[in-house]
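Participant: Following this message is one structure expressed as structure tokens.
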Amino acid sequence: MIVRPEPSKPYQAITVITATDRQRDPAGIGYTAARSSQLQFERFTVAVPASHKNPGEARSQMQTDPLKKYTVLGRQDITFKDINANKDILIYVHGYNYSFQESLFQAAKVASDGKLSEMPILFSWPSEGSVTGYVADKDAATYARDDLVQLLQDLKKRRTKSRVTLFGHSMGAWLVVEALRQLKISGQEDVLQRIDQVVLAAPDIDVDLFKRQVDTIGPLARPMIVLSSTDDRALAISGRIGGSRTRLGSIDKESVDIQELLTSKKIEIVDLSNYGSPDKTKHNRFSILINLISAINNDKIKFIRDIYST
């Protein structure tokens, strides 16, 4: 990943803290899909062009020319202790088929479009960044589970007032829920209590498995918010790979399979099926919400619930 000079066109400089268990690229330009035994931290400054308006543009641009629109202005190795201990935090966990660079730019996009007051931390697990790497990615997400738990534990130790939002996309949502489950079964209720909100965007999780996970985790500070689309093509493929079992991110909110979860307020479903999608797979609709909530300060998640959970 090359640090570029300041762009000539107007841009917004976004700071993203990265926590990753990927190994560094031997050429020193970023991180690979190889797995590291410990978390490494960096502070990146990413230039997001002021002309960026279209949800999902970051992903499409990265597929063609990764540095054409999004530019890394600076990067600095840091330790966990260098992270600002006084701000609220949003931890973004990317999904299947993401390279480190793609996940970094996606995190910058979320922070920019959402005008986040929270400090964005990207948890980048060692995805293969390949369409054919689904099984390898599931193993890599499992490998990263302990590291996400460790990050949440360390944040709890350092902060007494700051709030933590966990935002997981696709297979990253599965990783988020597994980390919560692990905290519960290891008796770390104090860490769970510090998590203010959990958002699962297009979660690639078997519905029956999710119900078992939620039963183990128990009540959280607020219901988990599930952003779903019944026509999500990526999750349809995932379901077929998984034995034709419905994925949580593509379930109809009227389905009998999730009514108990809804009535007990363990989850809230935000159905995005009637909204446009930034990509043909219809797997990244959550990025539309980021634009919609950008005008709302202080309580973005409440805005989502009030407007879309009908």
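Participant: Taking 7 Å along the Cα-to-C-beta vector as the label spot, tell me the Q23-R222 distance in nanometres, rounded to one decimal.
Facilitator: Label at Q23, label at R222, 4.1 nm between them.
Participant: Of the listed pairs K115/K211; K69/K115; K161/K265, which have alpha-carbon separations greater than 28 Å here?
Facilitator: Among K115/K211; K69/K115; K161/K265, the Cα-Cα distance tops 28 Å for K115/K211.
Participant: Taking 0.36 nm per residue of sequence separation and subtracting the Cα-Cα distance, how much length would be gained by fully extending the chain between I185 and T263, in nm to one decimal?
Facilitator: Length gained between I185 and T263: 25.6 nm.
Participant: Which number comes out as Rg/Rh for the range 69-142 once both Rg and the Kirkwood Rh are worked out on C-alpha atoms?
Facilitator: Across the range 69-142, the Cα-based Rg/Rh ratio is 1.00.
Participant: Order these by the 10 Å Cβ neighbour count, fewest first: K156, K109.
Facilitator: K156, K109
Participant: While we're here: Within 10 Å of each residue's Cβ, count the other Cβ atoms and sort M119, M171 from fewest upward.
Facilitator: By the 10 Å Cβ count, ascending: M119, M171.
Participant: Determine the gain in length on full extension of the stretch D252-I78; use 0.36 nm per residue of separation and subtract their C-alpha separation, reporting nm with one decimal.
Facilitator: The D252-I78 span can extend by a further 58.3 nm.
Participant: Hey, fewest Cβ within 10 Å first, where do V135, V191 land in order?
Facilitator: Ordered by Cβ neighbours within 10 Å, fewest first: V135, V191.
All of the numbers you see were taken from the coordinates with simple rules; none came from a lab. Being a predicted model, the structure only gives us computed values, none of them experimental. Glycine also receives a Cβ, built like all others from the backbone with ideal geometry; neighbour counts cover every protein chain displayed.
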